[in-house]
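I have placed the structure first, in the form of C-alpha cells, so that the comments after it can refer back to it.
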Amino acid sequence: MSRWVSFVSSHLEANGWTRNRLAKEIGLNASVVSRWMNDGMEPGIKSIRLVAEAFGVPVTRALLAAGAVTADELGIVPVVAPDPDLLTDEELLSQLAKRMQQRRTEVIVPAEPAAPVVVDRSSSRGAQLRGWTPPSR
C-alpha cells in the first residue's frame, strides 16, 4: 500500500467518510478516487491540496504522503528519540528529571466542578431535575 493510499484511507476512517463522500467533498468524480486507491494512480498537486483541505490537515502533510515533495525539500529534520535501553542510568534519570521539571512548570487549569443534580419524582408532572442549570455559552 502506498503512502498516499494509507494517508487517504486513515483519514477516511477517522472522519467516517466513504470514498464517494471524499470525491463529493473535493468536487471530483468517484472514479478518480477509486483509481488512486485501487490502481495506484498518483494525484495531481491540485487534488492533493483539495484532499488536505477536505480532511483539515496541512497541505505539506498531504504532499509528503503523495510523494510530491520530500522532507528534505521542505526542510524537515526528523527527530529521533534515543532508545532508553541504550542510555546509562544517569542519562535516563537526567531525562526524567527534565521531563518532571517541565510538567511542574506547566499551568494546569482545573475543571469547574459539576453541581449535583437531583431527580425529583414526587411531582405530579413526572420526574423533574432540581439543581440543574444549563451550561452558559
Q: Keeping to region 69-86, report how many residues are over 17 Å from Arg99 (Cβ atoms), open to solvent by less than 80 Å² (accessible area, probe 1.4 Å) and assigned to a loop (DSSP other than H, G, I, E, B).
A: 4
Q: Could you tell me which of the residues Ala97, Ala65, Ala71 is among the hydrophobic types (A, V, I, L, M, F, W, C), modelled with pLDDT of 80 or more and over 17 Å from Ser2 (Cβ atoms)?
A: Ala97
Q. Looking at this structure, is Val51 in contact with a Pro (Cβ under 9 Å, 6 or more places away or on another chain), in a helix (DSSP H, G or I) and open to solvent by less than 90 Å² (accessible area, probe 1.4 Å)?
A. yes
Q | Failed criterion for Arg49 (all others in (1) over 20 Å from the mean Cα position of the chain (by Cα); (2) modelled with pLDDT of 95 or more; (3) charged (D, E, K, R) hold) | A | (1)
Q: Mind counting the residues in region 15-48 that are open to solvent by 70 Å² or more (accessible area, probe 1.4 Å), over 13 Å from Leu64 (Cα atoms), without any contact (Cβ under 8 Å) to a residue 24 or more places away in the chain and assigned to a helix (DSSP H, G or I)?
A: 8
Q: Might you check whether a residue that is assigned to a helix (DSSP H, G or I), modelled with pLDDT under 95 and open to solvent by 100 Å² or more (accessible area, probe 1.4 Å) occurs anywhere in region 106-116?
A: no
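The values are calculated or read from the model by the stated rules, or taken from the named source; none is laboratory data. Keep in mind that this is a model prediction, so the values were computed, not measured. Note: ideal-geometry Cβ built from the backbone for every residue, glycine included; neighbour counts use all protein chains shown. Accessible surface areas use protein heavy atoms only, side chains included; no ligands, DNA or RNA. Shrake-Rupley method; radii C 1.70, N 1.55, O 1.52, S 1.80 Å.
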